[in-house]
1. When segment 136-155 is examined, which residues are found to be out of contact with any helix residue (DSSP H, G or I) (no Cβ under 7 Å at 6 or more places or on another chain), assigned to a helix (DSSP H, G or I) and under 23 Å from residue 62 (Cβ atoms)?
2. (1) in contact with a helix residue (DSSP H, G or I) (Cβ under 8 Å, 6 or more places away or on another chain); (2) closer than 18 Å to residue 29 by Cα; (3) touching a residue at least 24 places away in the same chain (Cβ under 8 Å); (4) part of a helix (DSSP H, G or I): which one isn't true of residue 129, the others all being true?
3. Could you tell me which numbered condition residue 113 fails, if it satisfies all but one of (1) surrounded by fewer than 17 Cβ atoms within 10 Å (Cβ to Cβ); (2) under 24 Å from residue 1 (Cβ atoms); (3) in contact (Cβ under 8 Å) with a residue 24 or more places away in the chain; (4) out of contact with any strand residue (DSSP E or B) (no Cβ under 9 Å at 6 or more places or on another chain)?
4. All but one of (1) buried (at least 17 other Cβ atoms within 10 Å of the Cβ); (2) closer than 28 Å to residue 127 by Cβ hold for residue 47; state the number of the condition that does not hold.
5. So, in segment 66-107, of the ones that are in contact with a helix residue (DSSP H, G or I) (Cβ under 7 Å, 6 or more places away or on another chain), in a helix (DSSP H, G or I) and free of Cβ contacts under 8 Å to residues at least 40 places away in the same chain, which residue ends up farthest from residue 42 (Cα to Cα)?
6. Out of all the residues in segment 22-37, is one or more under 17 Å from the mean Cα position of the chain (by Cα), assigned to a loop (DSSP other than H, G, I, E, B) and within 22 Å of residue 155 (Cβ to Cβ)?
7. Inspect all residues belonging to segment 36-44 and state whether any of them is surrounded by fewer than 12 Cβ atoms within 10 Å (Cβ to Cβ), within 24 Å of residue 119 (Cβ to Cβ) and out of contact with any helix residue (DSSP H, G or I) (no Cβ under 8 Å at 6 or more places or on another chain).
8. Just for segment 165-175: of the residues that are touching a helix residue (DSSP H, G or I) at 6+ places or on another chain (Cβ under 8 Å) and without any contact (Cβ under 8 Å) to a residue 60 or more places away in the chain, which one is farthest from residue 24 (Cα to Cα)?
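The values are calculated or read from the model by the stated rules, or taken from the named source; none is laboratory data. What you are looking at is a predicted structure, and each value in this text was computed from that prediction instead of being measured. As a convention, Cβ positions derive from the backbone with ideal geometry for all residues, glycine included, and neighbour counts pool all protein chains shown.
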């Protein structure tokens, strides 16, 4: 595992149901095993069934038609994504949730998931390192950023959250 690049990934959706709702944005920061950034990218994805979207989710992740006017189709975005993250280990804040949406997108588009099969979860790492601190009661990205003094310039924007997760990971690795 130590020789693989890490891909810090965050996804924004039209809701929380993997079978009903859609990915509308993927943010990714790819780093070397020595924690140096190789690439940062964001993919906006046109929803096919915006009528199924949860209005609260759209408000939280700042969805609007104008910003998604030139967005990719799901298939186009997943092809690009798969090429960029080949052999990377996925890292995320609550990684299993984002991973479930990605796995569904890979299956739906019939594109092979090119990432390494291991995944790292910053919530689990934070819990393991900080659970005995009485001052910490939540392990959300927002709370962890506040605790460590990490600026997340645009919360609930995929690339901003992916970059904040990368910064959180670096702080956690120093503990």
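1. Matches in segment 136-155: 142, 143, 146.
2. The failed condition is (2).
3. All conditions are met except number (1).
4. Against the list (1) buried (at least 17 other Cβ atoms within 10 Å of the Cβ); (2) closer than 28 Å to residue 127 by Cβ, residue 47 comes up short only on (2).
5. 106
6. Checking segment 22-37: at least one residue is under 17 Å from the mean Cα position of the chain (by Cα), assigned to a loop (DSSP other than H, G, I, E, B) and within 22 Å of residue 155 (Cβ to Cβ).
7. Within segment 36-44 (the criterion being surrounded by fewer than 12 Cβ atoms within 10 Å (Cβ to Cβ), within 24 Å of residue 119 (Cβ to Cβ) and out of contact with any helix residue (DSSP H, G or I) (no Cβ under 8 Å at 6 or more places or on another chain)), the answer is yes, since at least one residue qualifies.
8. 175
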